[in-house]
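A short write-up of the structure that comes next.
The values are calculated or read from the model by the stated rules, or taken from the named source; none is laboratory data. Small disclaimer: the values here were computed from a predicted structure and weren't measured. Cβ: placed from backbone, ideal geometry, glycine included. Neighbour counts: every protein chain shown. These area figures cover heavy atoms from the full protein model, side chains too; ligands, DNA and RNA do not enter into them. Shrake-Rupley method; radii C 1.70, N 1.55, O 1.52, S 1.80 Å.
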Amino acid sequence: MPKENNSTKPTQHFVTPPESHFLQLAVWALVFVTVLPLEARAYTDPGTGTFLLQMLLAAIASSLFFMRTLRRRIRLLFRRNRKIGATEDGDSDKQSVE
Amino acid sequence: MRTRGVNTRSFRDPAGRVIVADERVFRVVNEAGLAHLREFLNSATARRFLESGSLVQTRFLSLGEIGEINGAGGRLLSFDIGGAAIVEHEKVSFQSYPYEWPPEMLYEAGRLTLDLAESLLNEGLGIKDATPYNVLYRGPLPVFVDLLSFERRDPGDPVWVPYSQFVRTFLLPLLVNKYFGLPLDQLLLSRRDGLEPEEVYRMCGTLRKINPIFLELVSTPKWLAAKHNGDDTSVYQPKILDNPEKAGFILRSLIKRLRRSLNSVKPEQRKDSRWSDYLASNNNYSAEHFTAKQKFIEDALAEFKPRRVLDAGCNTGHFSVIAARKGAEVIAIDYDPVVIGELWRRCAAEKLDVLPLVVNLARPTPAMGWRNLEFASFLDRAHGKFDAVMMLAVIHHLLVSERIPLEEIIDLAADLTTDILIVEHVDPADSMFRRLARGRESLHADLTVEKFESVCRARFDIVRVQHLNETSRWLYLLRKRNERTV
């Protein structure tokens, strides 16, 4: 095992380094600080962490899905508006059937 | 296990069990497993992967066939676990386990697992466990063999249960191998279920902990687990969403994310192995000697046409490739994962029937698992499998570095081959021999050509010998003296 082992302090890892320039780090830290209860446990069930990671990623995917749906709806709304605008102008032969 | 002639595995999965007997593989499947199995086999994904050879061939046995098999060998196949059907699988000719694979092969097995999982999503099916033990290798190509791993998914379920297992058994071992250089055999021999993020976290310095790939796979899970109340098992409750489209989107994102992680721990082609430049530059042969050696081996292979060859101490696999080109199925072993990884790349690219494995002949893979019966030792698997064994430029390593007596080495070779042995004798005067001996040449002073031949004669007949001119090396083609003469 590498020697740097001894230099770490196991209790303080979920404090975000304040001057970090990593955008990704910031996003991760933010999500994880806001989502979780602040309670440290001495014993952890092996495997839980990765399962919780999946929950976290699922939550992120879920919000992406929400944004995607929102974007689609807005686009749809605009398209409908444009369509309405086009028919009102009366310049489209293709839509004259309606 | 071999003494009983029957091998039962796969007892961890309640949906069925595997019976291996007389070079045939059967699987008893119970009612619950059967529905999923039929559905999977009928899927477009299964057909596609069967066609490409990355899924094990499978057929249902009729009651008549089961009776026939049982008639021959007692009550081998029974429905005693509440079995509803028995299927026969194609036998993958040599079983190998993740702790014998170079990282390249673990990566490839992971890729196959994700390919299957992703492709099945479109058909509403999924994989319920993601471990490298679901995969075997046919030559250099991975084959998914655990057909009870598939199930119909609830369309509203956004969780991929084997996610954690995939991280533990594929991603973290590859990560630790890539960044800390720890060999997979050391990681996986002692850990059936892979590595925990906590274990890897302890190996990391502060900066490494926030390196993006470590942050995702190691630090975040570690921090999350530390904050999680262990008594709260509610996270494991199934979470079924009303919107199947949303569940599918989440699931697909998770698998995509795993694929990205797998790509970032993909093993790189390295050149820093102790042995990888051995043949290229640092060997004791002139071009002329090397050609002579190659001709000797080619002639031997052409004359005896072995079907299955074990190349022990294969190094870059130069002679494994020659044997494969002559139509043999080759298992190539060496203890150096770097040369084995390189050989795998080559054989996969050139579609050569070579299965390269990280095995040290002086300390071969032990039997593993429950009662040491789940995974056979390398020697058990190799016993009686090969009609030719090649030990080229390897005996002096066993004699000098490992201090194994010559009689023992020849005895092992005679246990491994059923017919021929191509072996290279290296005299103690050889420069490589001297380099390995480090001044202890006196220990091997009695190792003359005469002694070498007399030891070989205990188990073999000498078919021919060739002294490579001006070197201290001799090539022997030996034939085992046993059942053949009866």
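Can you tell me the length gained on complete extension of the stretch residue B:59 to residue B:78, counting 0.36 nm per residue apart and subtracting the Cα distance?
Taking 0.36 nm per residue and subtracting the Cα distance, the gain is 5.1 nm.
Given axes a ≥ b ≥ c from the Cα gyration tensor, I'd like to know whether the stretch B:127-259 is rounded (a/c under 1.5), prolate (a/b larger than b/c) or oblate. Cα axes put the stretch B:127-259 in the oblate bin. Quick one: Debye curve from the C-alpha atoms of the stretch B:386-486, no solvent, what's log10 I(q)/I(0) at q = 0.23 Å⁻¹? Rounded to two decimals, the profile gives -1.26.
Considering only protein heavy atoms, what per residue accessible area in square angstrom results for chain B with a 1.4 angstrom probe?
Working: 20630 Å² over 486 residues.
Heavy-atom SASA per residue in chain B reads 42 Å².
For chain B, the share of DSSP beta bridges that are antiparallel, to the nearest 5, is 70%. A full extension of the chain between residue B:458 and residue B:404 corresponds to an added length of 17.7 nm, given 0.36 nm per residue minus the alpha carbon distance.
Ranked from largest, the principal axis spans of the Cα set of the stretch B:195-260 equal 43, 32, 17 Å. Sorted from longest to shortest, the spans of the Cα atoms of the stretch B:295-337 along the three principal axes equal 31, 19, 14 Å. Using a probe radius of 1.4 angstrom, the carbon and sulfur fraction of the accessible surface of the stretch B:77-209 is 50%.
The distance between label points at residue B:24 and residue B:93 comes to 2.0 nm (points 7 Å beyond Cα on the Cα→Cβ vector).
In plain terms, the chain from residue B:32 to residue B:298 could stretch by 90.5 nm, reckoned as 0.36 nm per residue minus the Cα-Cα distance.
Computed over the stretch B:133-255, relative contact order equals 34 percent, with contacts defined as Cα pairs under 8 Å that lie 6+ residues apart.
Using the Kirkwood radius over Cα pairs, work out the Stokes-Einstein diffusion coefficient for the stretch B:57-128 at 4 °C and 1.567 mPa s, in µm²/s as a whole number. Numbers along the way, then the final one.
Details: Rh = 15.7 Å.
Translational D for this selection: 83 µm²/s.
Modelled label positions at residue B:182 and residue B:42, each set 7 Å beyond Cα in the direction of Cβ, lie 4.6 nm from each other. Which value, in debye to the nearest 20, gives the size of the charge dipole of chain B about its Cα centre, when Lys and Arg are +1 and Asp and Glu are -1 at the Cβ? Dipole magnitude for chain B comes out near 660 debye.
Using r as the Cβ-Cβ distance of residue A:79 and residue B:231, and R0 as 56 Å, what FRET efficiency do you calculate, to the nearest 0.05?
On the way: r = 52 Å, r/R0 = 0.92.
About 0.60, to the nearest 0.05.
So what's the back-of-envelope 222 nm ellipticity for chain B, counting only DSSP H runs of four-plus at -39500 (n - 2.57) apiece and dividing by all residues, rounded to 500? Walk me through the intermediate numbers first.
On the way: 18 runs with 180 residues, N = 486.
Result for chain B: -11000 deg cm²/dmol, rounded to the nearest 500.
Pairing the Cα long axis of helix B:31-41 with the longest principal axis of chain B, what angle in degrees results, from 0 to 90 and rounded to the nearest 10? The two axes meet at around 70 degrees. Calculate the translational D of chain B in whole µm² s⁻¹ from Stokes-Einstein, where the hydrodynamic radius comes from the Kirkwood formula applied to all Cα pairs, the temperature is 4 °C and the viscosity 1.567 mPa s. So the translational diffusion coefficient is about 52 µm²/s.
Just the Kirkwood number for the stretch B:47-179, please: inverse of mean 1/r across all distinct Cα pairs, in Å, one decimal.
16.7
Run the numbers on chain B and let me know its relative contact order in percent, using alpha-carbon pairs under 8 Å that are six or more apart. Rounded, it is 11 percent for chain B.
With both labels modelled 7 Å from their Cα along Cα-to-Cβ, the residue B:440 to residue B:13 distance reads 4.8 nm.
Ordering B:250, B:15, B:95 by the projection of their Cα atoms onto the charge dipole of chain B, which places +1 on the Cβ of Lys and Arg and -1 on the Cβ of Asp and Glu, puts B:250 at the extreme positive end. What angle do you read, to the nearest 10 degrees and between 0 and 90, between the alpha-carbon axis of helix B:406-416 and the longest principal axis of chain B? The angle comes out near 50 degrees. Between the listed residues B:238, B:197, B:267, the Cα displaced farthest toward the positive end of the dipole of the stretch B:137-271, a dipole computed from Cβ unit charges relative to the Cα centre, is found at B:267. Taking amide H atoms as placed 1.01 Å from N in the peptide plane, the amide H of residue B:83 has no partner under 5 Å among residues 5 or more positions away or on other chains. Measuring r between the beta carbons of residue B:240 and residue B:373 and using R0 = 60 Å, the FRET efficiency lands at 0.95.
Chains A and B: buried accessible surface, both sides, probe 1.4 Å, rounded to 100 Å²?
Numbers: alone 9780 and 22640 Å², together 28370 Å².
Roughly 4000 Å².
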